[in-house]
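Contents: one structure, followed by commentary.
The values are calculated or read from the model by the stated rules, or taken from the named source; none is laboratory data. Note that the structure is predicted; figures quoted are calculated from it, not measured. Please note: Cβ atoms are built from the backbone with ideal geometry, for glycine as well, and neighbour counts cover all protein chains shown. Ligands, DNA and RNA are stripped out before the accessible areas are found, and what is left, the full protein with its side chains, is counted by its heavy atoms. Shrake-Rupley method; radii C 1.70, N 1.55, O 1.52, S 1.80 Å.
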Amino acid sequence: MSSQKVLVAGCGKSGISAAKLLLKMGGEVVLYDGNEKLDPEKIRKNFEEDDKLTIVLGPLSRTDLVGVELSIISPGIPLDAPFVPVLDDAKIPIWSEIQLAYHVSKGKLVAITGTNGKTTTTALTGAIMKTYFDEVFVVGNIGIPYTETALETTEKSVTVAEVSSFQLETIMDFHPNVSAILNITPDHLNRHGTMENYIAVKERITENQTEKDCVVLNYDDPVLREFGEKEDRKPSVFWFSSTQKLKSGMYLDGDLIMYAHDGKTEEIVNVHDLQLLGKHNYENVMAAVAMAIRIGVPMDLIRKAVKSFKAVEHRIEFVLERAGVRYYNDSKGTNPDAAIQAIRAMPGPTVLIAGGYDKHNEYDEWIEEFGNKVKYLVLIGQTRDKIAECARKHGFTEIMYAEDMPEAVRVCAAYANAGDNVLLSPACASWGMFDNYEQRGEIFKECVRNL
């Protein structure tokens with residue numbers, strides 16, 4: 001690979017990082033993006049002057065691929081993008097950027113996927129690992145591309161990676177020592193087409209694992225239970241459950257997280273000693289503890305780490321309290337199931353901000369969760385009419401529209417009483433109004449502070 005010519009598709013964070021990795025290894029890169037309006041000079045500023053780099057924008061032609069032996073596709077680019085058939089016709093293999101990173105990295109790999117909870121679980125798992133191992137890298141969708149740290153890894157390293165379905169579409173020999181699938185609920189169907197396709201892609205995280213490896217699975221998820229009980233499954237299964245006492249695995253017993261193994265049980269932590277809200281977060285803790293146990297972290301260090309860990313930014317993140325109203329930022333609640341968990345975690349009556357980009361999800365179960373907890377629904381973005389129609393169908397009529405985030409926050413502040421919560425948990429992606437969910441959350445927090 002050090003002398004190969006490689007096409008990297010996508011000029012965003014992932015693509016730039018993958019290109020830099022290849023160039024550091026002595027390769028030659030064709031950096032491609034279908035958006036011909038991008039500024040090539042601005043893109044080139046990310047690289048050194050003497051880098052063997054060619055930038056191609058707009059339609060991709062066969063002449064652009066002369067000498068190219070491999071292509072790396074950024075996760076945000078679907079496999080039905082117009083340029084992909086050009087690569088197929090030229091018989092150029094397509095790798096995801098996590099496949100590239102894995103190919104050149106060393107040490108142990110822990111990989112985490114699932115519809116919801118990935119970021120919190122990845123951050124917590126990384127925090128636990130850092131109490132015991134000297135070289136720990138926390139990468140992936142959590143903010144640092146895997147390709148950015150791959151060359152820094154050694155045989156003593158532990159890499160904890162948050163992995164999305166988009167990244168798993170184009171893996172080859174990607175092989176975690178320990179993997180986790182936290183849950184599977186409908187999401188990204190605009191890209192994967194069917195629920196069956198989405199499930200199959202998520203399950204690919206175990207594709208190259210062997211009998212020596214382990215997959216951590218949610219026993220309460222019917223899809224994952226069926227998957228974990230398959231006879232042809234190779235990695236061993238470490239179960240966790242928030243609803244049932246397990247003979248082997250992690251489970252929630254009242255307020256206690258317990259670990260059953262070798263015919264005995266031991267208490268891990270009382271949930272009241274955690275700094276995380278909601279049962280879904282107790283599930284995230286169980287998954288993280290399971291992975292840490294499997295990698296070999298001592299239990300006393302695990303307990304200390306989970307008690308000190310605080311919620312990650314943009315995931316049911318407490319912002320401030322003003323006039324007796326508590327404001328929470330759950331901008332990472334980008335699908336209905338994640339938004340359901342946020343509602344359940346709220347300690348009292350809630351004024352909810354929701355809406356955004358349409359990923360073709362349905363909102364019925366989310367609306368049904370409102371019960372007596374959601375007092376008002378303030379809608380923004382492309383999906384606001386669709387959500388409003390669904391809410392009215394279920395008998396919820398306390399609905400208001402806002403044109404942007406500042407107006408939404410002002411409306412919430414006007415209607416919330418002392419003792420209420422204001423929650424941004426959109427149940428939708430951020431695209432269209434914001435660059436990403438991080439920007440959406442930051443703007444929400446800024447608006448709250450400026451009230």
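Consider THR147 carefully, then state whether it is touching a Leu at 6+ places or on another chain (Cβ under 9 Å), under 16 Å from SER74 (Cβ atoms) and either among the acidic types (Asp, Glu) or open to solvent by less than 10 Å² (accessible area, probe 1.4 Å) (or both). Please lay out each step first, then the result.
Numbers: touching a Leu at 6+ places or on another chain (Cβ under 9 Å): yes; under 16 Å from SER74 (Cβ atoms): yes; either among the acidic types (Asp, Glu) or open to solvent by less than 10 Å² (accessible area, probe 1.4 Å) (or both): yes.
For THR147, the condition - touching a Leu at 6+ places or on another chain (Cβ under 9 Å), under 16 Å from SER74 (Cβ atoms) and either among the acidic types (Asp, Glu) or open to solvent by less than 10 Å² (accessible area, probe 1.4 Å) (or both) - is met.
Give me the helices (runs of 4 or more DSSP H) completely within region 126-232, filtered to those with at least 2 residues that are hydrophobic (A, V, I, L, M, F, W, C), ordered by residue number.
Numbers: elements: 146-149, 165-168, 189-192, 195-203, 222-228.
The helices (runs of 4 or more DSSP H) meeting that bar are 165-168, 195-203, 222-228.
Name the pairs: first residue in region 408-429 and at pLDDT below 95, second residue surrounded by 24 or more Cβ atoms within 10 Å (Cβ to Cβ) and not in a strand (DSSP E or B), Cβ to Cβ under 6 Å, at least 6 apart or on different chains?
ALA429/THR334; ALA429/GLY356
Go through (1) open to solvent by 50 Å² or more (accessible area, probe 1.4 Å); (2) over 29 Å from TRP366 (Cβ atoms) one by one and return the number of the condition SER236 breaks.
Of the numbered conditions (1) open to solvent by 50 Å² or more (accessible area, probe 1.4 Å); (2) over 29 Å from TRP366 (Cβ atoms), the odd one out for SER236 is (1).
Any residue at all in region 300-323 that is in contact with a Gly (Cβ under 9 Å, 6 or more places away or on another chain), assigned to a strand (DSSP E or B) and of a type outside the set (Phe, Trp, Tyr)? Outline the logic, then answer.
Keep residues of region 300-323 that are in contact with a Gly (Cβ under 9 Å, 6 or more places away or on another chain), which gives 313-317.
Imposing the further condition that a residue be assigned to a strand (DSSP E or B) reduces the set to 317.
If we keep only those that are of a type outside the set (Phe, Trp, Tyr) as well, we get 317.
Yes: region 300-323 contains one or more residues that are in contact with a Gly (Cβ under 9 Å, 6 or more places away or on another chain), assigned to a strand (DSSP E or B) and of a type outside the set (Phe, Trp, Tyr).
Please work out which one of (1) under 29 Å from the mean Cα position of the chain (by Cα); (2) free of Cβ contacts under 8 Å to residues at least 12 places away in the same chain; (3) under 29 Å from PHE137 (Cβ atoms); (4) part of a loop (DSSP other than H, G, I, E, B) is the condition ASN46 fails and give its number.
If we test ASN46 against (1) under 29 Å from the mean Cα position of the chain (by Cα); (2) free of Cβ contacts under 8 Å to residues at least 12 places away in the same chain; (3) under 29 Å from PHE137 (Cβ atoms); (4) part of a loop (DSSP other than H, G, I, E, B), just (2) comes out false.
Of all the residues that make up region 49-87, how many are assigned to a loop (DSSP other than H, G, I, E, B), over 13 Å from GLY34 (Cβ atoms), more than 29 Å from the chain's Cα centre (by Cα) and in contact (Cβ under 8 Å) with a residue 24 or more places away in the chain? Show your work before the answer.
Of region 49-87, the ones assigned to a loop (DSSP other than H, G, I, E, B) are 49-52, 58-61, 66-67, 74-83.
Filter once more, so that each one left must be over 13 Å from GLY34 (Cβ atoms): 49-52, 66-67, 75, 79.
From what's left, more than 29 Å from the chain's Cα centre (by Cα): 49-52, 66-67.
After this cut, where a residue has to be in contact (Cβ under 8 Å) with a residue 24 or more places away in the chain as well, the list is 51-52, 67.
Going through region 49-87 one residue at a time, the tally reaches 3.
Residue under question is GLY114, and the condition is that it be within 26 Å of GLY296 (Cβ to Cβ), in contact with a Phe, Trp or Tyr (Cβ under 8 Å, 6 or more places away or on another chain), at pLDDT below 95 and open to solvent by less than 30 Å² (accessible area, probe 1.4 Å); does it hold?
So GLY114 fails the test.
Return a yes/no flag: does region 92-102 have any residue that is open to solvent by 10 Å² or more (accessible area, probe 1.4 Å), outside any strand (DSSP E or B) and more than 17 Å from PRO176 (Cβ to Cβ). Write out each step before concluding.
Step one: filter region 92-102 for residues open to solvent by 10 Å² or more (accessible area, probe 1.4 Å), giving 92-95, 102.
Now narrow it down to the ones that are outside any strand (DSSP E or B): 92-93, 102.
From what's left, more than 17 Å from PRO176 (Cβ to Cβ): 92-93.
So far as region 92-102 goes, yes, one or more of its residues are open to solvent by 10 Å² or more (accessible area, probe 1.4 Å), outside any strand (DSSP E or B) and more than 17 Å from PRO176 (Cβ to Cβ).
This table checks each residue for (1) open to solvent by 30 Å² or more (accessible area, probe 1.4 Å); (2) under 20 Å from the mean Cα position of the chain (by Cα).
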{"site": "ASP173", "(1), (2)": "yes, no"}
{"site": "ILE181", "(1), (2)": "no, yes"}
{"site": "ASN197", "(1), (2)": "yes, yes"}
{"site": "VAL201", "(1), (2)": "no, yes"}
{"site": "GLU211", "(1), (2)": "yes, no"}
{"site": "VAL216", "(1), (2)": "no, yes"}
{"site": "GLU229", "(1), (2)": "yes, no"}
{"site": "SER242", "(1), (2)": "no, no"}
{"site": "SER248", "(1), (2)": "yes, no"}
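Only one of (1) open to solvent by 20 Å² or more (accessible area, probe 1.4 Å); (2) among the β-branched types (Val, Ile, Thr); (3) part of a loop (DSSP other than H, G, I, E, B) fails for THR265. Which number is that?
(3)
Return the residue satisfying two criteria in turn: it lies in region 126-144 and is open to solvent by less than 10 Å² (accessible area, probe 1.4 Å) and over 12 Å from the mean Cα position of the chain (by Cα), and of such residues it is nearest to THR185 (Cα to Cα). Give the derivation first.
Step one: list which residues in region 126-144 are open to solvent by less than 10 Å² (accessible area, probe 1.4 Å), which gives 126, 128-129, 139.
The next check asks that each one be over 12 Å from the mean Cα position of the chain (by Cα); those that pass are 126, 128-129.
On the way: GLY126: 25, ILE128: 27, MET129: 28 Å.
Here the residue is GLY126.
Of all residues in region 21-38, how many are among the charged types (D, E, K, R) and either at positive phi or open to solvent by less than 80 Å² (accessible area, probe 1.4 Å) (or both)? Quick ask: steps written out before the conclusion?
To start, the set of residues in region 21-38 that are among the charged types (D, E, K, R) comprises 24, 28, 33, 36-37.
Filter once more, keeping what is either at positive phi or open to solvent by less than 80 Å² (accessible area, probe 1.4 Å) (or both): 28, 33.
Summing the residues that are among the charged types (D, E, K, R) and either at positive phi or open to solvent by less than 80 Å² (accessible area, probe 1.4 Å) (or both) in region 21-38 gives 2.
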